[in-house]
Amino acid sequence: MKTLKDLLKDTPVTALHGDGSTTVAALAYDSRAVTRSDCFFATRGTQSDGHDFIPDAVAKGASAVVCEQLPAETAHGVAYVVVPDAAGALADMAAAFYGHPSRELKLVGITGTNGKTTTATLLYDLVRALGYKAGLVSTVVYKVGERIVEATHTTPDPVRLNAMMREMADEGCEYCFMECSSHAIVQQRTRGLHFAGGIFSNITHLDYHKTFAEYIRAKKLFFDSLAKDAFALTNADDKNGRVMVQNTAAGVHTYSLRTMADFRCKIVEMHVDGMLLRIDGQEVWVGLVGRFNAYNLLAVYGAAVLLGLDRAEVLRAMSMLHAVSGRFEFVRAENGTTAIVDYAHTPDALENVIQTIQEIRTPAQQLIVVCGCGGDRDRTKRPEMAQIAVKYADTAIFTSDNPRHESPGAILDEMAAGLDPGARFLRIVDRAEAIRTAAMLSRPGDILLIAGKGHETYQIIGDVKHHFDDKEEVGKAFGTLRN
């Protein structure tokens, strides 16, 4: 247990009502999870206001309450801390509660629209290949050393995040690589953490944010918060790359495939099973494909060098890296047909993946693209996704992709609305049927792109997650996996 006073050392406080020496057993922002001697945080969300649940938390035995507005009635023996921002206080106090574990790790955050998961995972795999212990916080999985922890969000809440980092530090991890979504940055889940460095990949679409300016500002907040002893590694080929690091105190470094930069890369050769890259004048064969992966690998190389790792050793380890689950992942049929399962769910990501396939396929190979758009997400990308699929594919099939609370048919209507009259495509709402149809339409040796869900093993309909795995469905369609 820690005292409330100890936890408040780095937290802006407006007023303290009660005893600062009150002991705190755990931190909670959900009143349903409160137990005796916990500190409850009354955070304001989009659906509810934690202040409404203060009486419930106190009734369950909370010893302290952190709030932005003191309740009209206070309970005897409970300490009330009034703060300007309860969400920010939660992050600050979570770091203090777990003894600031990020200060014991070389923590690197990766932000941007595309490439976060791949870059974070490849960095984790690379340092492990070099003999170091590390942690990983990604969309796909959380890892403490080699131990897998179920991932619930791209960036978890500050309590879980600091608890995991405490486990990492206690188990001897030297590094931690973490995706930092704009959603998490705005909600201050990364506040209170000490980053050794930050990486910017790119910006392509809005999703959670209402305007592009708001989205850029959210990403930029991450770099604005970096300390002067950290590095900020930014993509010089993205028009927003320089904007991200304008006001950062960190040391700024750049990477590029097209222009002068601190870290440069050229694709020498590209084949179906990998690429030959020239990085900083040295050639290295990597088992990943695509220009987008060349950017990811260059960011990995740059970050590793900035972390103080030996350049030659880094390049050697890079040659042993493999594709991340659900990112340009191959499933092959016995007749030579290849399905590529990829997480591409934005126009830019879809076009990048298809252009990569265009570079490695032969004129005789058909390309069949299966894609959709998620419900309750950025609707402006729907017609763009459809246009890209129809532009490049021999056959485009539009289908469901986590419809959530929207009608799957209505989502497909919005995709089709962006197409010219007479555009040819198939519309199959049931995703499993769409994948089966793609397999039936294919000839031996053709390429199927199953885009949008990648590593996900579920389909969200309403508020319910139903088991659904694109790789499993492809296996069934190819006859390599039985029902």
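The values are calculated or read from the model by the stated rules, or taken from the named source; none is laboratory data. Treat the numbers as computed from the prediction; the structure is a model and nothing was measured. Cβ placement follows ideal geometry from the backbone for every residue including glycine, while neighbour counts extend to all protein chains displayed. Calculation scope for accessible area: heavy atoms of the full protein, side chains included, ligands and nucleic acids excluded. Shrake-Rupley method; radii C 1.70, N 1.55, O 1.52, S 1.80 Å.
Over the stretch 216-273, what is the relative contact order in whole percent, taking alpha-carbon pairs under 8 Å and six or more residues apart?
Dividing the mean separation by the residue count of the stretch 216-273 yields 30 percent.
May I ask you to derive the relative contact order of the chain, considering only C-alpha pairs under 8 Å and at least 6 residues apart, and to give it as an integer percent?
Over the chain, the number comes to 10 percent.
Taking the Cα centre as origin and putting +1 on Lys and Arg beta-carbons and -1 on Asp and Glu beta-carbons, what dipole magnitude results for the chain, to the nearest 20 debye?
Dipole size: approximately 580 debye.
Please give the length that would be gained between T35 and D52 if that part of the chain were fully extended, namely 0.36 nm times their separation in residues minus their C-alpha to C-alpha distance (nm, one decimal).
So the chain would gain 4.4 nm between T35 and D52.
List the residues whose amide H sits under 5 Å from the amide H of Y458, counting only those 5 or more places along or on another chain, with H placed 1.01 Å from N in the peptide plane.
Placed amide hydrogens put F468 under 5 Å from Y458.
Given the -39500 (n - 2.57) contribution per DSSP H run of 4+ residues, what per-residue ellipticity at 222 nm results for the chain, rounded to the nearest 500 deg cm²/dmol?
Computed ellipticity for the chain at 222 nm equals -9000 deg cm²/dmol.
If r is the Cβ-Cβ distance from H405 to D10 and R0 is 45 Å, what FRET efficiency results, to the nearest 0.05?
Between H405 and D10 the formula returns 0.70.
Calculated FRET efficiency, D229 and R311, Cβ-Cβ r, R0 25 Å, to nearest 0.05?
Given R0 = 25 Å and the Cβ-Cβ separation, E is 0.70.
Using the basic label-point model (7 angstrom from Cα toward the beta carbon), what is the Q366 to D420 distance in nanometres?
2.2
Read through the labelled values [x] 78, 52, 42; [y] 87, 59, 45; [z] 100, 55, 51 and report the label of the one computed as Cα extents along the principal axes in Å from the structure.
So the structure-derived entry is [x].
Let me check against my output: what whole-number percent is the relative contact order of the stretch 1-87, with C-alpha pairs under 8 Å and at least 6 apart?
Contact order relative to length: 31 percent.
About its Cα centre, how strong a charge dipole does the stretch 69-128 have in debye, to the nearest 20, once Lys and Arg get +1 and Asp and Glu get -1 at the Cβ?
Roughly 340 debye, rounded to the nearest 20.
Whole-Hz ³J(HN,Hα) for each residue in the stretch 429-444, computed from phi via Karplus 6.51 cos²θ - 1.76 cosθ + 1.60 with θ = phi - 60°, x for glycine and proline: what do you get?
Coupling constants for the stretch 429-444: 4, 6, 5, 4, 5, 4, 5, 4, 5, 4, 5, 5, 6, 6, 9, x Hz.
What ranking of T346, T74 comes out by heavy-atom accessible area, probe 1.4 Å, highest first?
T74, T346
Give me the one-decimal nm value for the distance between modelled label points at M260 and R443, 7 Å along each residue's Cα-to-Cβ direction.
5.1
Provide the per residue accessible area, probe 1.4 Å, for the stretch 355-483, rounded to a whole number of square angstrom.
46
In whole Hz and in residue order, list the ³J(HN,Hα) couplings for the stretch 291-297 that follow from phi through the Karplus curve 6.51 cos²θ - 1.76 cosθ + 1.60, θ = phi - 60°; x for Gly and Pro.
Taking θ as phi minus 60°, the curve returns 4, 4, 6, 4, 5, 4, 5 Hz for the stretch 291-297.
Between R332 and T3, what's the calculated FRET efficiency when r is the beta-carbon distance and R0 is 45 Å? Round to 0.05.
In this case the efficiency is close to 0.15.
Label point 7 Å out from E150 along Cα-to-Cβ: which residues of the stretch 162-184 have amide N under 19 Å?
162-165
Return the long-range amide H neighbours of A232 (sequence gap of 5 or more, or a different chain), with a cut-off of under 5 Å between placed amide H atoms.
Answer set, sorted by chain and number: G198, G251, V252, H253.
Going 7 Å from the Cα of R291 toward and past its Cβ, which residues in the stretch 241-261 have a backbone nitrogen under 16 Å from where you end up?
256-260
Once both labels are modelled 7 Å past Cα along the beta-carbon direction, what's the D280-A59 spacing in nm?
According to this spin-label approximation, the distance is 6.1 nm.
Quick one: what are the phi-derived ³J(HN,Hα) couplings along the stretch 467-472, Karplus 6.51/-1.76/1.60 with θ = phi - 60°, whole Hz, x for glycine and proline?
With coefficients 6.51, -1.76 and 1.60, one gets 4, 7, 10, 4, 5, 4 Hz.
In debye, nearest 20, what is the charge dipole magnitude of the stretch 301-448 about its Cα centre with +1 on Lys and Arg Cβ and -1 on Asp and Glu Cβ, if you could check?
Here the stretch 301-448 has a charge dipole of around 160 debye.
Compute the signed sum of charges (Lys and Arg +1, Asp and Glu -1) over the other residues within less than 14 Å, Cβ to Cβ, of G88.
Net of charged neighbours comes to -2.
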